[in-house]
1. Can you pull out every residue in segment 85-111 that is assigned to a loop (DSSP other than H, G, I, E, B), farther than 16 Å from residue 145 by Cα and in contact with a helix residue (DSSP H, G or I) (Cβ under 8 Å, 6 or more places away or on another chain)?
2. Of all the residues that make up segment 151-170, how many are surrounded by fewer than 18 Cβ atoms within 10 Å (Cβ to Cβ), more than 31 Å from the chain's Cα centre (by Cα) and part of a loop (DSSP other than H, G, I, E, B)?
3. Tell me which of these residue 183 doesn't satisfy, since it passes every other one: (1) out of contact with any strand residue (DSSP E or B) (no Cβ under 8 Å at 6 or more places or on another chain); (2) within 24 Å of residue 75 (Cα to Cα).
4. Among the residues of segment 55-69, are any under 21 Å from residue 160 (Cβ atoms) and surrounded by 12 or more Cβ atoms within 10 Å (Cβ to Cβ)?
5. Just need a number here: residues in segment 116-144 that are in contact with a helix residue (DSSP H, G or I) (Cβ under 7 Å, 6 or more places away or on another chain) and farther than 17 Å from residue 167 by Cβ.
6. State all residues of segment 112-123 that are outside any loop (DSSP other than H, G, I, E, B) and closer than 16 Å to residue 189 by Cα; if no residue qualifies, say none.
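Every number here is computed from the coordinates shown, using simple stated rules; none is lab data. Everything numeric in this text was worked out from a predicted model, so none of it was measured. Note that each Cβ is placed from the backbone with ideal geometry, even for glycine, and that neighbours are counted across all protein chains shown.
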């Protein structure tokens, strides 16, 4: 019995030692921390001392000013073209309010010599096509003569008559006819 016990004890000792040995040999998971990325501070640039920055900023501001000027000029042209003159029925004489508008247009044209203007004579629907074309031409010529007398070169002014073909208001009443008896002005580069 002693012998049996001894064999059991040796077997147990051997079993425990092999368990410890296996545990020691097993792969252990090693926790590896990822390296933190290096923080690189942005380059120190002195805005006031950097010639390249100054040049880029000056170019950006120049483009911005040019864009603003271009937009302002487009708005001025829209206003110039939107300001029409009107005539009485069957007349081509300029009314005092038409002369005031033409004086304002002449001032603008003097300040913008790169532009010309086309004066478009229009009529209401009453009368024959031939008569209205001739009346529209007389109306456009009246504005041409007035602008020319104010110092705008005739080479910058042109005329065309549309007669009754381009009404602003297609109704057939006095209010519509009054709107359609007009000169329009188109700026040309």
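1. The answer is 89, 90.
2. Number of matching residues: 4.
3. (1)
4. Taking every residue of segment 55-69 in turn, none turns out to be under 21 Å from residue 160 (Cβ atoms) and surrounded by 12 or more Cβ atoms within 10 Å (Cβ to Cβ).
5. Qualifying residue count for the region: 4.
6. Matches in segment 112-123: 116, 117, 118, 119.
Yes or no, residue by residue, for (1) in contact (Cβ under 8 Å) with a residue 24 or more places away in the chain; (2) touching a strand residue (DSSP E or B) at 6+ places or on another chain (Cβ under 7 Å):
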| site | (1), (2) |
| --- | --- |
| 110 | yes, no |
| 146 | yes, no |
| 153 | no, no |
| 159 | yes, yes |
